[in-house]
1. Identify, by number, the condition in (1) more than 22 Å from the chain's Cα centre (by Cα); (2) surrounded by fewer than 20 Cβ atoms within 10 Å (Cβ to Cβ); (3) within 27 Å of GLY165 (Cα to Cα) that GLY352 doesn't meet.
2. State yes or no: is ARG235 away from the ligand (no atom under 15 Å from the Cβ) and of a type outside the set (A, V, I, L, M)?
3. Spot the failing condition for ARG250; the list is (1) surrounded by 20 or more Cβ atoms within 10 Å (Cβ to Cβ); (2) without any contact (Cβ under 8 Å) to a residue 60 or more places away in the chain; (3) more than 10 Å from the ligand (Cβ to nearest atom), and only one is missed.
4. Identify the single condition in (1) in contact with a strand residue (DSSP E or B) (Cβ under 7 Å, 6 or more places away or on another chain); (2) surrounded by 14 or more Cβ atoms within 10 Å (Cβ to Cβ) that ARG456 does not satisfy, given that it satisfies every other one.
5. For the structure I just gave you, tell me whether LYS237 is touching a residue at least 40 places away in the same chain (Cβ under 8 Å) and buried (at least 19 other Cβ atoms within 10 Å of the Cβ).
6. Would you pick out the residues in the range 137-188 that are in a loop (DSSP other than H, G, I, E, B), over 22 Å from ASP92 (Cβ atoms) and out of contact with any helix residue (DSSP H, G or I) (no Cβ under 7 Å at 6 or more places or on another chain)?
7. From the set of residues in the range 299-318 that are buried (at least 17 other Cβ atoms within 10 Å of the Cβ) and within 17 Å of the chain's Cα centre (by Cα), which is farthest from the ligand (Cβ to nearest atom)?
8. On the given criteria, is PHE324 within 15 Å of the ligand (Cβ to nearest atom), at pLDDT 95 or above, within 30 Å of LYS3 (Cβ to Cβ) and in contact with a strand residue (DSSP E or B) (Cβ under 9 Å, 6 or more places away or on another chain)?
Amino acid sequence: MAKQEDIFKNVVSHAKEYGFIFPSSEVYDGLSAVYDYAQNGVELKKNIREYWWKSMVQMNENIVGLDAAILMHPTTWKASGHVDAFNDPLIDNKDSKKRYRADVLVEDFAEKIHQKAQKEIDKAKARFGDAFNEQEFITTNARVVEYLAREKEIRERLGRSLGNGDLEDVKALIEELEIADPETGSRNWTDVKQFNLMFGTKLGASAENAMDLYLRPETAQGIFVNFLNVQKSGRMKVPFGIAQTGKAFRNEIVARQFIFRMREFEQMEMQFFVRPGEEMQWYEHWKQTRLNWHLSLGLGKENYRFHDHEKLAHYANAAADIEFNFPFGFKELEGIHSRTDFDLKAHEQYSGRKLQYFDPELNENYVPYVVETSVGLDRMFLAVFATSLQEETLEDGSERTVLKLPAVLAPTKAAVLPLVKKDGLPEISKKIIEDLKWDFNVSYDEKDAVGRRYRRQDALGTPFCITVDHQTLEDETVTIRHRDTMKQDRVKISELRGIIENEVSMKNWLMKM
Ligand code: GAP
C-alpha cells in the first residue's frame, strides 16, 4: 500500500479513536460522506472558527459578522444561478451500477498520462544529476513531448465540451479513451447527465401547498441578500465586508476522502464590497492576507500554493484557490473570487429591489463589486489535523504518536495529573483546575502510570501536562511538560497561567499574520 494511503488511514482511525470525528449515525452503519464531531473534534473545530472570526471581524474595523438562516427564499437560488447551473456531469456504469463524475473520470485519465511523463522526467533527473536541464528535456524528449501533448489535448477537449454543455462529447471522450470503471473494469456506460447538487426540502404542512426550498449550497447568498440591511443599519462605508460561518449542503456525486468532500459541511466566508474598478487591488490584497492567515498557524510554507483559475465562472473576473498539501496531494482549501457585481445585480433583477450604495465621496449610486474569501472549516480541520499527526522515534528507541496541533487550536490546553491517587495530590490537582478553568480548557487524569498519561495527552494534542507530586505539598511547585519537546520544568503553581497564556493566546498567534 502506498505510504500516502497509510498516512491517511492513520488520520481517519486516530480521529475516531481519540474522540475527534465519528461517522454519522454509526449504529446504522453510517451515512455516506456525513460525519459527527466528537468531544475533542468539536473543540478543535470551534477554535479554528474562532481564529478565523477574530482575524476577520475583530481585527478589521470595516468587517462585521452575520448569521443568516440556512433556509432562504427559493428565488435566491434562481437569481444566484444555482438552480440552472450548479451541476456536475454524472455517468453510471450499467454493470456495476456505480455512479461517477464524468469529468473526474477524464481528469484522472489525463493525470495518469501526466504521471507517465513525470516518471520519465524523474528517471532522467536521477541519471543526469546536477547536469539535468528539465526544461530542455520536457521539450525535446520524444516520449515526454508525446505524453504532455496528449494530456493537454484531453484536458482541452473536456474543457470545451463542458463549457459548451456538450455532454454527448464527454461520453464520446470516455469511450474513445476506453476509460473503464475504476472498481470493476467495465466499459458499459450510460449517457452523461447533469446532476444538480442542491438538496431540496419542503416548507408547509400539507403536500399541496408546500413550497419547494433548498438547503443552502453556500453561505454567501445569505450575505448578498442582507447587503443593504447591514450597510444601512451599521452605517458601513464601502469598502466593507460581511463575514459568516455556517453549514452548507451539497449532494456530491462522489464524496470520498473523509471530511474533505462532505454532503453537509461548514464554510467560513467573507464578502468584501468595493467600488467598481477597485476590485483587482482588493483581490490581490485578500489573496495575500488569507495566505498569511494560513501561514500564521505554522504548518509549513511548503504545504501551500496558489492555483490561479484560467477558466473563470460566468460571474468572476478573477479567481484563485489556496491549495494545501493534504495526505492525498495538493487540493483546494480556500477560494478567493472576484465576483464582480453579478450576485447583487441578479438579486436586484429577481427581487425588483435596489441593492445599491450611495457613495458620499463620489456623490453617486452604484452596485458594489465583491471580492469573496471562502474556506471550508472541515477542510481546515483536516489540513491541521493530518499535518499535526506525527510518529516519532525517541532517543531510547521507543515510538510516540503526537498530535502537534498549533497550541492556539488545541482542544485542551493543559492536563493536570496527580502522580498518585492519594496523599492529597488529587485535591491539589483539582484546585489547580478550579483556578485555570476560567481561562483555559483543562482536563484531569489520574488513571494509569504517569508516562502513559503523557502519551495519551500527546495523542490528543494537549500542549501542556502539569504533574502534581509530593514536592508540591512542600513548596507549591509542579512540573510542566511541553508536548513537542517533552521538556519538563519545575515551576510555581502561581506561574502556570502566564506560561500557558503565552503559548496559546490568540493574540500572540494572530500577530504572526
Ligand atoms: N461561495 C463560494 C463557494 O462556495 P466553493 O469553491 O464552491 O466556493 C468554497 O467552496 C470552499 O468550501 C472550498 O474551498 C472548500 O474548502 C469548501 N467546500 C466546498 N465543497 C465542500 C464539500 N463538499 N465538503 C467540504 N468542504 C467543501
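The values are calculated or read from the model by the stated rules, or taken from the named source; none is laboratory data. This one's a predicted model, so the numbers in the text were calculated from it and none came from an experiment. Because the Cβ atoms are built from the backbone with ideal geometry, glycine has one as well, and the counts that use them run over all protein chains shown.
1. For GLY352, the exception is condition (3).
2. On the way: away from the ligand (no atom under 15 Å from the Cβ): yes; of a type outside the set (A, V, I, L, M): yes.
So ARG235 fits the description; yes.
3. Against the list (1) surrounded by 20 or more Cβ atoms within 10 Å (Cβ to Cβ); (2) without any contact (Cβ under 8 Å) to a residue 60 or more places away in the chain; (3) more than 10 Å from the ligand (Cβ to nearest atom), ARG250 comes up short only on (3).
4. (1)
5. Numbers: touching a residue at least 40 places away in the same chain (Cβ under 8 Å): yes; buried (at least 19 other Cβ atoms within 10 Å of the Cβ): no.
Criteria not met by LYS237.
6. First pass over the range 137-188, keeping only residues in a loop (DSSP other than H, G, I, E, B): 141, 164-166, 177-188.
Then keep just the ones that are over 22 Å from ASP92 (Cβ atoms); that gives 141, 164.
Across the range 137-188, the qualifying residue is only ASN164.
7. LEU299
8. Values: within 15 Å of the ligand (Cβ to nearest atom): yes; at pLDDT 95 or above: yes; within 30 Å of LYS3 (Cβ to Cβ): yes; in contact with a strand residue (DSSP E or B) (Cβ under 9 Å, 6 or more places away or on another chain): yes.
For PHE324, the condition - within 15 Å of the ligand (Cβ to nearest atom), at pLDDT 95 or above, within 30 Å of LYS3 (Cβ to Cβ) and in contact with a strand residue (DSSP E or B) (Cβ under 9 Å, 6 or more places away or on another chain) - is met.
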